[in-house]
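All remarks here apply to the structure that follows.
The values are calculated or read from the model by the stated rules, or taken from the named source; none is laboratory data. In this text, all values refer to a predicted model and were calculated from it rather than measured experimentally. With ideal geometry, Cβ positions are generated from the backbone for all residues, glycine too; neighbour counts draw on all protein chains shown. All accessible areas refer to the heavy atoms of the entire protein, side chains included, with ligands and DNA or RNA removed. Shrake-Rupley method; radii C 1.70, N 1.55, O 1.52, S 1.80 Å.
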Amino acid sequence: ASQTNFANILREFLKRSHKLDSAQVRLTRRAQTAIAGVVLPIEAEETGYVKKSASHGLHRQWHWVWRRRLRMLASPRGPWRIGSRTPQLLRLGSQNWMLDMTENSQRMRRRLTRNAHYESHDLAARRRDRTGQRTGARSHTQATKQESFDSEEGVPRLSLSVSGLESGEQDTSLDEEWNLVMPEDLGVVAAATSEPGRAHFGVAAKRIVLLGSISGRVELTQTLLRFVAERDGGRVVTGNDSDLSSDNVQTRASSSSAGGRGSSGNDNSTPQVIAAELDRDLSWHLSSIHQVHFRRHMLHISAIEVFFKDHSSVFFSVPNKKSLMQLVWKLTSLPGVNSGLSLSDIRSPPSLLGRLKLTERWQHGELSNFDYLMALNSVAGRSYNDLSQYPVFPWIISDYTSKWIDLHDPKVYRDLSRPIGALNEKRLRHFIERYESFEDPVGRIKKFHYGTHYSSAASVAYYLIRLEPFASVHVSLQSGKFDHADRQFHSVSDTWSSCLTGPGDVKELVPEFYYMPEFMVNHNHLDLGKRQDGTRLGD
């Protein structure tokens, strides 16, 4: 009887299990049908877009979109995160890293992202100048290249309206340019609201990314700000702003990868990691715009920087000043922009600092030291997007040799009342004597104290050489090779000593010194060479 009862119970259990399995199968099939009903139309629609785009030469844009989606799905927190079963397409460059250009609320860039366009720079390492040279010495060509990136003030990114800032006094020529924009120009934008996707206004411009640039067109629609890159035969045309002698230097976006993976490419080409960023069209919703500010480019007020609510930004150079003013005027007049932008806040840096009361807020503890210094950089018009006017932070500590330092001892701090070139009295006397005795026979070069600048593209790449995309920038500035190991950043103490006593070294620091220790680690295992004492550079 017990066996019969057990058999009955078992049959009942199996019967119920079969019913549950059948119900689960039906639910699964129903879910798959529902998902297919949503996904298949989207797939068919996007397939049609791809085919249509291919006929218009836009297939590279869609290729980039799909590659980005695949990388996003295979990210560490994505559903297809990197693992033993991850497709090879998603595993390419999975262990190589680069700096993400997105900022946080304090204007810090702290996130490393996977580098899908990794270059090992093996060719740059092989081409390195291995001849013995004096440590700290610089060739005339290198010094000239560094000096060519000296920059001046531009305009800030702060919690305020559109601002145009000049060095010293107010630039009245800027106010005069506003008269070139007629009120009827605004009516064109305001009235054309029936076609949301149609561009109502556009100007020729260049998008600036570090030292790279790409020609194209900035366009405004009813709902979007977009940048359409200029293409020649289906490929975008990029330029390298490191050659300031000509503004028309153009190279193919793919030229940096002509030598294959690991190649440094053409000496004058845009680095591959930057060219990949430039090789796409972009669009942003007008409602996502947070701030717009005038900027200098090539020492002229010819650019704007647009900041978005997701802490990303874009830098446009518009050579035609009338077009630049029209772009800002129309941008601030569109109803989709919710940032409260205005054109009435054209101020000089002193008046702007007085209105914002930055110094008072810092003195009262409302701003941290870092926030205050970054605000000053913003007022000066410095930008992460343009390497020639990268944010500058000062040396603070002066003792890098003692095992222990007392932060309450004033002697361990650098004198911030003087520029770094005036800290060493002996070197200062030399600078003054050179200034007083200098006389250009042609009369073209004015007297100067320092032959180099406290911040330049070369000095930024010097500090951040272990971090992409700055390693690629360094190779580009060095004509396709790494500089000699003795001239690369290898010691904070030695660099401070050089800046304090070197005859031509007056560089300050970069913001990453105060929030990002990862830039001192050679994550990508670059071959930076050996110093003359046999020490191999690494972290």
Self-check item: helices (runs of 4 or more DSSP H) completely within the range 412-501 that count 2 or more residues being touching a Phe, Trp or Tyr at 6+ places or on another chain (Cβ under 9 Å), open to solvent by less than 20 Å² (accessible area, probe 1.4 Å) and more than 30 Å from A275 (Cα to Cα)
Solution: 492-501
Practice problem: Say whether the condition of being touching a His at 6+ places or on another chain (Cβ under 7 Å), touching a residue at least 12 places away in the same chain (Cβ under 8 Å), under 27 Å from V209 (Cβ atoms) and in a loop (DSSP other than H, G, I, E, B) is met by at least one residue in the range 518-526. | Solution: yes
Self-check item: Residue identified as without any contact (Cβ under 8 Å) to a residue 12 or more places away in the chain and of a type in the set (K, R) among R444, R466
Solution: R444
Quiz prompt | Selected residue (only one of G421, G443 is more than 22 Å from F519 (Cβ to Cβ) and in contact with a Leu (Cβ under 9 Å, 6 or more places away or on another chain)) | solution = G421
Quiz prompt | Number of the condition not met by I405 [criteria: (1) out of contact with any Ser or Thr (no Cβ under 7 Å at 6 or more places or on another chain); (2) surrounded by 15 or more Cβ atoms within 10 Å (Cβ to Cβ); (3) not in a loop (DSSP other than H, G, I, E, B)] | solution = (3)
Quiz item: F513: surrounded by fewer than 20 Cβ atoms within 10 Å (Cβ to Cβ) and modelled with pLDDT of 90 or more, yes or no?
Solution: yes
Quiz item: Do you know which of the residues in the range 361-381 that are part of a loop (DSSP other than H, G, I, E, B) and farther than 21 Å from R418 by Cβ is least open to solvent (accessible area, probe 1.4 Å)?
Solution: G381
Quiz item: When M298 is evaluated against the numbered criteria (1) open to solvent by less than 20 Å² (accessible area, probe 1.4 Å); (2) on the phi > 0 side of the Ramachandran plot; (3) at pLDDT 60 or above; (4) not β-branched (V, I, T), which criterion, by number, is the only one it fails?
Solution: (1)
Quiz item: Taking the range 205-231 as the region of interest, how many residues are outside any strand (DSSP E or B), over 20 Å from R295 (Cα atoms) and either of a type in the set (A, V, I, L, M, F, W, C) or under 22 Å from the mean Cα position of the chain (by Cα) (or both)?
Solution: 1
Quiz item: Looking at the range 472-496, which of its residues are small (G, A, S) and over 19 Å from L211 (Cβ atoms)?
Solution: A485, S491, S493
Quiz item: Somewhere in the range 516-539, is a residue of a type in the set (G, A, S) and surrounded by fewer than 16 Cβ atoms within 10 Å (Cβ to Cβ)?
Solution: yes
